[in-house]
Structure formats: C-alpha cells, structure tokens
Amino acid sequence: MFATLRSFDYHEPRTVEETLRILAQLGPDARILAGGCELVPDLRRHESTPPAIVSIAHVAGLDQVRLDGEVLVIGARASLHAVERQPSLHADFAALLEGIGSIASVQVRNTGTLVGNLCVATPASDIATPLIVLEAEVQIASARGARAIPVAELFRAAKRNSLEAGELVTEVRVRRSRPGTGSAFAKLTRTAADCAKINAAAAVVRAGPVCAEARLALGSVAATPVRADRAEGYLRGRQLDPATIASAAAMAAEDIDPITDLRSTAEYRRDAAKVLVERVLGEAATRAAARKS
Ligand SMILES: Cc1cc2nc3c(=O)[nH]c(=O)nc-3n(C[C@H](O)[C@H](O)[C@H](O)COP(=O)(O)OP(=O)(O)OC[C@H]3O[C@@H](n4cnc5c(N)ncnc54)[C@H](O)[C@@H]3O)c2cc1C
C-alpha cells in the first residue's frame, strides 16, 4: 500500500513572512505540511508528489489558541486537541468542541490541526459544519497580501479548497456567541473511528421562547458542507417547540441531494438528516435557553 517516498526539497521557515516568501518562490506545486495526517499518507501512496514541502512546524505564533477580546483565534499549527482542552470555551463554542470530540482517534486529535482539517476540504469534515454555524472566518495570507473568507467559502468541491497558489491559512477566527445563543453538533458513523456518514450542526439565538435566528449546516450530503437555508428561514420568528423543530428538520432533509457511497445510501442519509437536524436543533435551543439567565 505504501511505497518509498519520492524525493522533494524541504523547507522549515521560522516566521510567517519567510513562509510566504518561500511559497511565492516555489510556485503552485509546493505543498504546506502541518500535522501531516493527510499529506504524509498521500506522499507515501504517491498520490501527491510535490517537488517541495514547506513545513509550518516551527513558524512562530501559529500554534496558539487564544481569546482576542470576544474572538477565539486558532492558529494554523494548533492541534485539534489544543482547542478542545480549553474548558473556558465550552459554553460559547459547544458545537465546535463536540465536532472535535467526535474524531475518535486520539493520535489524530493530537497531531492533526484544525486548519489542516479544513484545508483538506472533505465534505465529511466534523469541524466545518460547527464552524459554519458559528460563523467562523479563515484568515489567509500570501506574498500578495491578506484576505479573510467565511469557512464555507474555503470548500470549493470534494477535497478541493479555494486557496490560490502561494496562500497560507494563518488562523481561524470565531466570535464568542452572544447570550441567548446555543449550538450543538451530532454525527453518525459506521464505527466510532470512521468518518461521518452524515453530520449536522446548529446554532440558535433565542428571544424568549421564539427563535430570533437559526443557522444549520450538514456534512457528507453533498460535495461540500451545505447550509439548510429554507429551514433556517422557516424557524426565524417561530416558537422553538418540538413540532416546529420537527418541521424544520423535515425541510432540511427534503432540500439535500446526497449520494450513495461506501459509507451509506442516499435514502439513509436523507432519513438520518431529519433525525440529526431535529437532535441538534433541540439541543441548541435548550442550551440557548440555559444561557439566557
Ligand atoms: C485515521 C484518521 C481519522 C480521521 N477521522 C476524522 C473524523 O472522524 N472527522 C474529521 O473531520 N476528520 C477526520 N480525520 C481528518 C483529520 O482531522 C485531518 O487529517 C487533520 O486534521 C489534518 O490536519 P493536518 O495538520 O494533519 O494536515 P496536513 O496533513 O499537514 O495537511 C492537510 C492538507 O492541508 C494543507 N494545509 C495544511 N495546513 C495548511 C495551511 N495552514 N494553509 C494552507 N494549506 C494547509 C496541506 O498542504 C495538505 O494539503 C481523520 C484523519 C485520519 C488520518
């Protein structure tokens, strides 16, 4: 299965500026190495044979997870575990922490980065759907300058991100949610350690018993993670009771067009979508009520 690695030039910059300069010089075929959970097996299977690799292991400042005022900043070298071990984040970023916690392999959570997970751009990402409903932004830098995009825009197609040549994701930024907001994540897998057959995340903002705003995202039901726009619109201004939540979940399930693959059938995914959305909406609404007081 694995072959001898093909040779490549290896770079270990120490600063973001040096990294961007090297990436600009190397051109589009160079690959960035973070935790290596995806890239190293790809290299060993010869699915990727880049002429040069730029490791960000020693780039100063990229490993931090910190609160910058009301914004959680997750650097490109921060492991998934570095994010989940911050107990102070639990109430504000519950869906994200549940998404990370659902990745069963301790080795992957310790070695893999949150940013690397997003850059792989798999529609089964358990990090993307929580970050989408939490309205996170991806900060991108290159020798040409810097830009920020919503997480959903990083996903162009299945396993294809929207980064351009020479671009480095430096960090992900997520604003602390306001009081009255709750979020939740859930997923279904064949085995605990497997990728999602389907996953879902919700964030709900309450105004008393009424839904002021709802954001819903589903993974593994299309080539990229998707928002459930119609269900979100339906929920706005309605009482967050079980019947309303069930109707919104049915709408979200009707609006997806999943495929059949080795993990699941399209029919199962559609049925399961209704169950998962109902579950995450209910949990997010309960958490939102608890955070009101
Ligand atoms: C056994 C196993 C089980 C897994 N289970 C799950 C699961 O259940 N749910 C789930 O969501 N994920 C799962 N994953 C995916 C895992 O979360 C990712 O592989 C990991 O987080 C990727 O991060 P990394 O730092 O190792 O990336 P790397 O392998 O270093 O890089 C991945 C890709 O992203 C690019 N890249 C990395 N960092 C940057 C950057 N800063 N800027 C631009 N491009 C960059 C690289 O060039 C490469 O193309 C699993 C992976 C494995 C191996």
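Taken together, the criteria exclude Ala34 from residues that are near the ligand (Cβ under 8 Å from one of its atoms), out of contact with any strand residue (DSSP E or B) (no Cβ under 8 Å at 6 or more places or on another chain) and open to solvent by less than 60 Å² (accessible area, probe 1.4 Å).
Taking the conditions exactly as written (in contact (Cβ under 8 Å) with a residue 40 or more places away in the chain, surrounded by 15 or more Cβ atoms within 10 Å (Cβ to Cβ) and within 23 Å of Arg31 (Cβ to Cβ)), does Pro130 satisfy them or not? No; evaluated as a whole, the condition is false for this residue. Scanning segment 85-95 for residues being open to solvent by less than 40 Å² (accessible area, probe 1.4 Å) and either without any contact (Cβ under 8 Å) to a residue 12 or more places away in the chain or not in a loop (DSSP other than H, G, I, E, B) (or both) gives a total of 3. Of all residues in segment 1-59, count the ones that are of a type in the set (Lys, Arg) and part of a loop (DSSP other than H, G, I, E, B). Residues in segment 1-59 being of a type in the set (Lys, Arg) and part of a loop (DSSP other than H, G, I, E, B): 3 in total. The set of residues from segment 96-112 being in a helix (DSSP H, G or I) and either surrounded by fewer than 17 Cβ atoms within 10 Å (Cβ to Cβ) or not basic (Lys, Arg) (or both) comprises Leu96, Leu97, Glu98, Gly99, Ile100, Gly101, Val106, Gln107, Val108, Asn110, Thr111.
Among the residues of segment 176-199, those that are under 18 Å from the mean Cα position of the chain (by Cα) and surrounded by fewer than 15 Cβ atoms within 10 Å (Cβ to Cβ) comprise Ala193, Asp194.
Residues considered: Ala250, Ala217, Ala202, Ala212. Of these, the only one that is without any contact (Cβ under 8 Å) to a residue 40 or more places away in the chain and either exposed (fewer than 14 other Cβ atoms within 10 Å of the Cβ) or in a strand (DSSP E or B) (or both) is Ala212. Looking across segment 104-126, not a single residue is charged (D, E, K, R) and free of Cβ contacts under 8 Å to residues at least 24 places away in the same chain.
Determine if segment 56-69 includes at least one residue that is surrounded by fewer than 21 Cβ atoms within 10 Å (Cβ to Cβ) and under 22 Å from Ala201 (Cβ atoms). Checked against the condition, which is being surrounded by fewer than 21 Cβ atoms within 10 Å (Cβ to Cβ) and under 22 Å from Ala201 (Cβ atoms), segment 56-69 yields at least one hit.
If only residues of segment 138-159 that are outside any loop (DSSP other than H, G, I, E, B) and basic (Lys, Arg) are counted, the one that is least open to solvent (accessible area, probe 1.4 Å) is Arg147. Note on segment 253-293: among residues that are among the basic types (Lys, Arg) and not in a loop (DSSP other than H, G, I, E, B), the one that is nearest to Arg230 (Cα to Cα) is Lys274.
What number of residues in segment 124-137 are assigned to a loop (DSSP other than H, G, I, E, B) and near the ligand (Cβ under 10 Å from one of its atoms)? Selection size over segment 124-137: 4. Residue count for segment 200-240 satisfying the condition of being at pLDDT 95 or above, more than 21 Å from Asn117 (Cα to Cα) and not hydrophobic (A, V, I, L, M, F, W, C): 12.
The values are calculated or read from the model by the stated rules, or taken from the named source; none is laboratory data. Being a predicted model, the structure only gives us computed values, none of them experimental. All Cβ positions, even for glycine, are placed from backbone atoms using ideal geometry, and neighbour counts span all protein chains on display. Just the protein is used for accessible areas: all its heavy atoms, side chains included, with ligands, DNA and RNA removed. Shrake-Rupley method; radii C 1.70, N 1.55, O 1.52, S 1.80 Å.
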